[in-house]
1. Extending each Cα 7 Å along its Cβ direction at Thr171 and Asp81, get the distance between those two points in nm, one decimal.
2. Just reorder Phe29, Phe326 by solvent-accessible area, largest first, 1.4 Å probe, all chains present.
3. Keeping all protein chains in position, work out how much accessible area Leu116 exposes to a 1.4 Å probe, and write it in Å² to the nearest 10.
4. With a 1.4 Å probe and all protein chains left in place, how much accessible area per residue does the chain have, in Å²?
5. Counting only DSSP beta bridges with both residues in the chain, what percent are antiparallel, rounded to the nearest 5?
6. Is it possible to state the helix-based mean residue ellipticity at 222 nm for the chain, with each DSSP H run of 4+ residues giving -39500 (n - 2.57), the sum divided by total residues, to the nearest 500 deg cm²/dmol? What is it?
7. Which number do you get for Rg(Cα) / (2.2 N^0.38 Å) in segment 257-416?
8. Any number yet on Rg/Rh for the chain, C-alpha, Kirkwood?
Amino acid sequence: GIGYFYGQGLVLPDTSMEGSEQKMDPALFPPVPLFSGVPSRSFFPRGFLWDEGFHQLVVQRWDPHLTREALGHWLGLLNADGWIGREQILGDEARARVPPEFLVQRAAHANPPTLLLPVVHMLEGHDPDDLAFLRKAFPRLHAWFSWLHQSQAGPVPLTYRWRGRDLALPTLLNPKTLPSGLDDYPRASHPSTAERHLDLRCWVALGARVLSQLAEQLGETEAAAELGPLAASLEEPGSLDELHWAPELGVFADFGNHTKAVQLKSRPPQGLVRVVGRPPPRLQYVDALGYVSLFPLLLQLLDPSSPRLGPLLDVLADSRHLWSPFGLRSLSASSLFYKQRNTEHDPPYWRGAVWLNINYLALGALHHYGHVEGPHKVQAAKLYHELRANVVRNVRQQYQATGFLWEQYSDQDGRGMGCRPFQGWTSLVLLIMAEEY
């Protein structure tokens, strides 16, 4: 569904001092228009930044003009710093549909820059109208990326950290990271400024690559001179290995203050309470094998001959970890967090379910590595065909049985879960069927 929205959103300004935002009151931003896809017209009738990049991958194949209009509206939301709010809840009517805890957008918090995915398609298509749009949009795209790169910088060079993780409350099994888009996906058990988030680094690497290519194509020499070296640094295999390869886990991982000895236990009369045992938390790689572990593969940042590609393909293909008959599950079936609720009243979300947007990225990556020369070409091609068949078959069966596309699918029996109808990124099944990546 595509809608037109107009109104004011509630925003908490960025004080650049985490912790101080609790002392400030949110303010109504000036009224703005937004022409955007929505994940679900009945359940989520508003714009979501990281959803929209996936929506437009579908829309632009049918009507590229609509995509240029939508991207133009989203880029029109930039504030003076280059920030765009991750949820656009514009006006009184929109606010009436949203739980209070999600109403206020925080100007220190980012979201995955998926609007760059349809930009990649524009660059590859060489449509004169698309290129004319990108020329006009480049200053805003550059400002948005620069804000992301600078505001989410991590504790050491070339590391990045999602701002806005939940506090370590006594009721939370693992503090959520809503800005990442992966909500309750397990991160370091004890949030700290020492964290290094793998998926965010990969998104920034993709952004640097795309904007560097765009700057060169547009003759933006100053921007190209800035972005080119950054892209090269972020894609340098040694740097990625040094900061995110966990030898003890055999995969890429987040890094932070972490312990596995965390669980929810019943403590009457409080109910379920977080209990931390031994060993106590220490700085280490986070053992949460799942979608985050795959991001260097998902965004095609690895060279086809990379020695890290084989282990990621093996993990992806292992039914003890991510492989299911219905698509790749979001978290390893062997993880301590697999299907674990985050609070007494907060069921698992990105802890095992199959999500179409990440499966689409995985299929695009497998299609790529299955068509370029390298030691893993045959394995990638085989996995591509099997995964594509599993995903399409299950979405089709669930649609025939229920009449709906669903937000997510069970890795146990394939049934649709979450909200429905979900004609948002689950519509990517059309591109999977068409083998358009």
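1. According to this spin-label approximation, the distance is 2.9 nm.
2. From most exposed to least exposed: Phe29, Phe326.
3. Counting only protein heavy atoms, Leu116 exposes about 0 Å² to solvent.
4. Spelled out: the 1.4 Å probe surface of the chain, per residue, equals 42 Å².
5. Of the beta bridges lying entirely in the chain, close to 90 percent run antiparallel.
6. -12000 deg cm²/dmol
7. Expressed relative to 2.2 N^0.38 Å, the Cα Rg reads 1.18.
8. 0.94
The values are calculated or read from the model by the stated rules, or taken from the named source; none is laboratory data. Remember, predicted model here, so these are calculated numbers, not experimental data. Reconstructed Cβ throughout: ideal geometry from the backbone, glycine too, with neighbour counts over all protein chains shown. Only protein heavy atoms, including side chains, enter the accessible area calculation; ligands, DNA and RNA are left aside. Shrake-Rupley method; radii C 1.70, N 1.55, O 1.52, S 1.80 Å.
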